[in-house]
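Asker: Next up is a structure, given as structure tokens.
The values are calculated or read from the model by the stated rules, or taken from the named source; none is laboratory data. This is a predicted model, so every value here is computed, not measured. Cβ placement follows ideal geometry from the backbone for every residue including glycine, while neighbour counts extend to all protein chains displayed. To get the accessible areas, we keep the full protein, side chains included, count just its heavy atoms, and leave off ligands, DNA and RNA. Shrake-Rupley method; radii C 1.70, N 1.55, O 1.52, S 1.80 Å.
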2 protein chains.
Amino acid sequence: MSEVSISDYLLTHLQRGGPVPMNRQLYALLRDGILNRAIQPGLQVPPTRALAADLGVSRNTVTYAYDQLIAEGYLEARTGDGTYVADTEPNMARLSAAAPARPKATRSAAGTTVARMASGTVAGGVARGATTGSAADDAVGAAIDSGAGSALSSRGARLLSGTGASSAQWGAFMPGIPDITRFPHAVWSKLQARHWRRIAPALLTYGDGAGYPPLREAIAGHLRTARAVNCTADQVIVTSGTHQSIQLAATLLGEAGDTAWVEDPCYWGTRNVIRSSGLTPLPLPVDAEGMQLPEEALRTPPRFIFVTPSHQYPLGPVMSLARRRLLLEYAARHNVWVVEDDYDSEFRYSGPPLASLQGLDSNERVIYLGTFSKTLFPGLRIGFMVVPAALAPRFARANAELFRDGQSFLHAVLADFINEGHFSSHVRKMRQLYAERLACLQAAIRVELGDTATISGSDAGLHLALGLPAGTNDVAISQAARERGILTRPLSAYYADPANAKPGLMLGYAAVPTENIPMLFAELAKDIRAQVNVCA
Amino acid sequence: MSEVSISDYLLTHLQRGGPVPMNRQLYALLRDGILNRAIQPGLQVPPTRALAADLGVSRNTVTYAYDQLIAEGYLEARTGDGTYVADTEPNMARLSAAAPARPKATRSAAGTTVARMASGTVAGGVARGATTGSAADDAVGAAIDSGAGSALSSRGARLLSGTGASSAQWGAFMPGIPDITRFPHAVWSKLQARHWRRIAPALLTYGDGAGYPPLREAIAGHLRTARAVNCTADQVIVTSGTHQSIQLAATLLGEAGDTAWVEDPCYWGTRNVIRSSGLTPLPLPVDAEGMQLPEEALRTPPRFIFVTPSHQYPLGPVMSLARRRLLLEYAARHNVWVVEDDYDSEFRYSGPPLASLQGLDSNERVIYLGTFSKTLFPGLRIGFMVVPAALAPRFARANAELFRDGQSFLHAVLADFINEGHFSSHVRKMRQLYAERLACLQAAIRVELGDTATISGSDAGLHLALGLPAGTNDVAISQAARERGILTRPLSAYYADPANAKPGLMLGYAAVPTENIPMLFAELAKDIRAQVNVCA
């Protein structure tokens, strides 16, 4: 293409009177012409005045396009000479100096892994593939198997294959969700407005890794009185939730490849984050006293033990004192870190609140995790951890290094909310409300299912586990219910080892209006009866 | 101890008239007595009525303590018989069935690693240990070496040893911080109040992994016009910032052990997160055209290439078009992922804004990262990524699985802020303000240092890189300045390979009131002159 033909090329392609301004069109046409070699490197482009005349546009229009193309390196202005097309074409010789491209087969290994996992045959704690309210409930799960997902790493494919976050996060009987419609949003909004009226720069910049100091004080105060946690504010690290807390502990205290004992069944997020932090989860079965500690496991101390001692997730038992003492003694002897996930103990309906495991430990082996997701609202994304005093500055620093913390403006509002008594008053009210809803759900279960189903985990929290007769297809129930608009999670999906899996449903009651519970559970019971021979 | 002596024991230890209520004291004394074997398992405790009489307290007081101890498993109530101390002592035989405790030496290997790193002798991109405004600026760095940090994993110790987050985040000349005092907080507060007046439950519960849809729309719109990013809202994933974006991409698309090319020097956070995601960073030197692509490196394609093509961090060059085209062609041929970190391109002071690398890519190999930390305020913790359309649902899901996203209540405010024009108006105003401050700082540098220092990276962003003569101890300057209350970061600390490191200072000017710049830089110049022979 010559200088003249550049004018012709542009005259042919410019769309006059269209939506795109002439200067942007000119820029784009020249750029694309250069990129696709229609306009060759080294060619001199017409002077702005001449091109403007040829095209019948203002000279400014051409200047704009040339300036942009010069700034981006498509054109080169040579002083006193003119403007030329720069030579920016990739040197093919350099490219082919590289090793041959990775064969596609290597990348699709991920697909194979997924297939193996879906069949439930991988050892060591892989969640079952087919679940409702998770991977299988939207198009993603299917797409992974289709080969379109072959771009994923095998660890990425594995992450997406398990039980996990649901695409629906609000509705009966979604477990783990508090009644956010009761959250005192007017109070929150008032406290928020107070801070924003004259917001301090310190509340808007990066955090120091540990969280806003008054919030750390408020959390420590709450934990000492409500959870018998043995701590000062210096030991509190504010995080964006339990996932981040787990990752921080795993990275800072564990090497890639270290073993972490987890409960079987357990929270899917714990398993996901542990694995993505490079640890190897070893699932240990749960009984009425919490995580079992079989001789065989005890012979090889892990680096971490992850437990939910106050309200085992998802089944609900409280870890017995004997097992707590054994666990702590074992951890002290073998330098094991015990990670206590105390996610919903503020809501306890029968008997007095139970002290945390951390409060029983005298050897600084426990990392205590908590969250405001259940007490306030999940979308807040504020959790916290209590770590041994000597480690706290390191956790703070690692938190800043890994996650670049901030949101002190939100921490400040929460600190006021706690310090002015709104937190404890809200928890008190919700405890009463949820107890009422729990009782209503228990009654509905008895009415609909009689003795066919067992109820566990109903002493505390926001959900109960409904056990169904052995052999029941809980995944099918959950899927059928979902089609009626009722959200549950199949219990079997929480197990790492399909051989241990017991069927049932996780039912959250906290966010369901009391008066709707009987009718909604009656609906769900239809799907249960379709799978189980109910003797009511 | 007998039943009678339990009364005696309690009578001896109860503190009457003290701050702790009698029922809590009674609970704690019995619990501690059981835990330390002063009160033996199997012993029957006195009936509540008898003990209350012995101690001269109300029967309710004793009942409270017993109930709590029964609930927590210290005591057992045997129906029709009485209450006994439960046997909860760890079975020592079970404990000693375990392998001998990990020798302490294994754990302190971390200390050795740190020492090796501080000396800068580890190959493959370890940041230098001694830096100002980072590890060395508080007690943490020192404590790590002291052995108190031996509880850390070697990867944890390594994370804490590098250049990184500063404990001070606000003040002249801290790089990377916008002027948050100019943030239109009244507007933000008004938008916030509007949402909170009647907050929708969907804004308070967990997210769906991709972010609040109207915010994704708003971001896509901004990126298409301002950054020439080729995308729709479906490709936008909202994250809590660039650290999370990097971790997500690394986990989903890379295997542990995969190589990632990074610029040398580069942002410390990129290196930290890459490494903690299990990737191995390979630093490639930077010149005036951005990241160099030496033949030797090209021969072995990595899995990822991390670049800052619009404004190389920290030195500032724009990646040339020739190198952009080579990079994209190479990535397409070898299935490499290019991660474009476009952290501060909204602020460009000379010439037209430059198009993103993503917009030039026609093979869907680019993952584009952006953030509101520089345009609005860092503490907001909202960033975003643009991923190929086919991968977007997987990224959303992985985001939910790994990080349990939420904060739609905040996303909604930001979406309004953008859609109602406040975002672009704020960026426009700040661009003008920062340009003025930049000019002022450049003038001050000339006045104080003449030609002794070079300035780079001043075409865009919130900071410039001040180059100092070879051999200058920039760490010493930075430390001395810090004692005067002036924050800078030594340039040499950003290099992975000490052999390449060039001395200098990173100077953020955006958040420094214009009128203070000459005086503050004059102060800093004293510390520079103490290390450099200035020919002004």
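Condition check ((1) among the charged types (D, E, K, R); (2) outside the structural domain of B:ILE274 (by TED's automatic domain parsing); (3) more than 24 Å from the chain's Cα centre (by Cα)) across all residues:
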| residue | (1), (2), (3) |
| --- | --- |
| B:ARG431 | yes, yes, yes |
| B:GLN442 | no, yes, yes |
| B:ASP451 | yes, yes, yes |
| B:THR454 | no, yes, yes |
| B:SER458 | no, yes, yes |
| B:LEU462 | no, yes, no |
| B:THR472 | no, yes, yes |
| B:GLN479 | no, yes, no |
| B:ALA496 | no, yes, no |
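Asker: Next up: How about the range A:1-98: which helices (runs of 4 or more DSSP H) wholly inside it have at least 2 residues that are of a type in the set (Val, Ile, Thr)?
Answerer: A:3-13, A:59-71
Asker: May I ask you to say which residue of A:LEU462, A:LEU410 is within 14 Å of another protein chain (Cβ to nearest Cβ) and over 14 Å from A:LEU507 (Cα atoms)?
Answerer: After applying the criteria, what remains is A:LEU410.
Asker: Here's something else I'd like to know. Against the definition (of a type in the set (S, T, N, Q), modelled with pLDDT of 95 or more and under 30 Å from A:GLY156 (Cβ atoms)), how does A:GLN235 come out, yes or no?
Answerer: The answer is no for A:GLN235.
Asker: Residues A:ALA331, A:ALA297: which one is of a type in the set (Gly, Ala, Ser) and within 25 Å of A:PRO353 (Cβ to Cβ)?
Answerer: A:ALA331
Asker: Given the condition under 18 Å from B:SER356 (Cα atoms) and either open to solvent by 30 Å² or more (accessible area, probe 1.4 Å) or at pLDDT below 95 (or both), answer yes or no: does some residue in the range A:38-50 qualify?
Answerer: No, because not a single residue in the range A:38-50 is under 18 Å from B:SER356 (Cα atoms) and either open to solvent by 30 Å² or more (accessible area, probe 1.4 Å) or at pLDDT below 95 (or both).
Asker: Give the range B:265-283 a look and list any residue that's over 20 Å from the mean Cα position of the chain (by Cα) and over 16 Å from B:TRP337 (Cβ atoms), or say none.
Answerer: Within the range B:265-283, B:PRO283 is the sole residue that qualifies.
Asker: Select from the range A:170-212 the residues that are aromatic (Phe, Trp, Tyr) and under 22 Å from A:VAL238 (Cα atoms) and list them in ascending order.
Answerer: Listed by number, the residues that qualify are A:PHE183, A:TRP188, A:TRP196, A:TYR206, A:TYR212.
Asker: List, please: which pairs have Cβ atoms under 6 Å, are six or more places apart or on different chains, and start with a residue in the range A:222-239 that is on the phi > 0 side of the Ramachandran plot and end with one that is open to solvent by 10 Å² or more (accessible area, probe 1.4 Å)?
Answerer: From the range A:222-239, the pairs are A:ALA228/A:ALA355; A:ALA228/A:GLY359.
Asker: Suppose the filter is small (Gly, Ala, Ser) and more than 7 Å from chain A (Cβ to nearest Cβ); does B:GLY241 pass it?
Answerer: no
Asker: Could you check the range B:353-368 and list, in sequence order, the residues that are outside any loop (DSSP other than H, G, I, E, B) and surrounded by fewer than 24 Cβ atoms within 10 Å (Cβ to Cβ)?
Answerer: Within the range B:353-368, B:GLY359, B:LEU360 meet the criteria.
Asker: Whether any residue in the range B:405-413 is over 30 Å from A:TRP268 (Cβ atoms) and either touching a residue at least 24 places away in the same chain (Cβ under 8 Å) or touching a Cys at 6+ places or on another chain (Cβ under 9 Å) (or both) is what I want to check.
Answerer: yes
Asker: OK, next. Taking B:ARG194, is it of a type in the set (D, E, K, R), open to solvent by 10 Å² or more (accessible area, probe 1.4 Å), closer than 30 Å to A:ASP32 by Cβ and at pLDDT 95 or above?
Answerer: In short, no.
Asker: What number of residues within the range B:244-280 are of a type in the set (Val, Ile, Thr) and within 10 Å of another protein chain (Cβ to nearest Cβ)?
Answerer: 2
Asker: Moving on. Evaluate the range B:479-492: report whether one residue or more is free of Cβ contacts under 8 Å to residues at least 12 places away in the same chain and surrounded by fewer than 24 Cβ atoms within 10 Å (Cβ to Cβ).
Answerer: Yes, some residue in the range B:479-492 is free of Cβ contacts under 8 Å to residues at least 12 places away in the same chain and surrounded by fewer than 24 Cβ atoms within 10 Å (Cβ to Cβ).
Asker: Give the residues of the range B:291-306 that are among the aliphatic types (A, V, I, L, M) and either away from chain A (no Cβ under 11 Å) or under 24 Å from the mean Cα position of the chain (by Cα) (or both), sorted by residue number.
Answerer: B:MET291, B:ILE305
Asker: For the subset of the range B:271-312 comprising residues that are among the small types (Gly, Ala, Ser) and in contact with a Ser or Thr (Cβ under 9 Å, 6 or more places away or on another chain), which member is nearest to B:TYR494 (Cα to Cα)?
Answerer: For the range B:271-312, the residue satisfying everything is B:GLY290.
Asker: Taking the range B:167-186 only, how many residues are closer than 14 Å to A:ASP208 by Cα and either at the interface with chain A (Cβ under 7 Å from one of its Cβ atoms) or open to solvent by 40 Å² or more (accessible area, probe 1.4 Å) (or both)?
Answerer: 3
Asker: Something else: Does B:LEU402 satisfy the criteria of being open to solvent by less than 10 Å² (accessible area, probe 1.4 Å), over 23 Å from B:ILE199 (Cα atoms) and within 7 Å of chain A (Cβ to nearest Cβ)?
Answerer: Answer is yes for this residue.
Asker: Have a look at A:SER345, A:SER373, A:SER350 and point out the one that is within 11 Å of chain B (Cβ to nearest Cβ) and either over 26 Å from A:LEU507 (Cβ atoms) or open to solvent by less than 20 Å² (accessible area, probe 1.4 Å) (or both).
Answerer: The unique qualifying residue is A:SER373.
Asker: Could you check the range A:318-342 and list, in sequence order, the residues that are surrounded by 19 or more Cβ atoms within 10 Å (Cβ to Cβ) and either assigned to a loop (DSSP other than H, G, I, E, B) or among the polar types (S, T, N, Q) (or both)?
Answerer: A:VAL318, A:MET319, A:VAL336, A:ASP342
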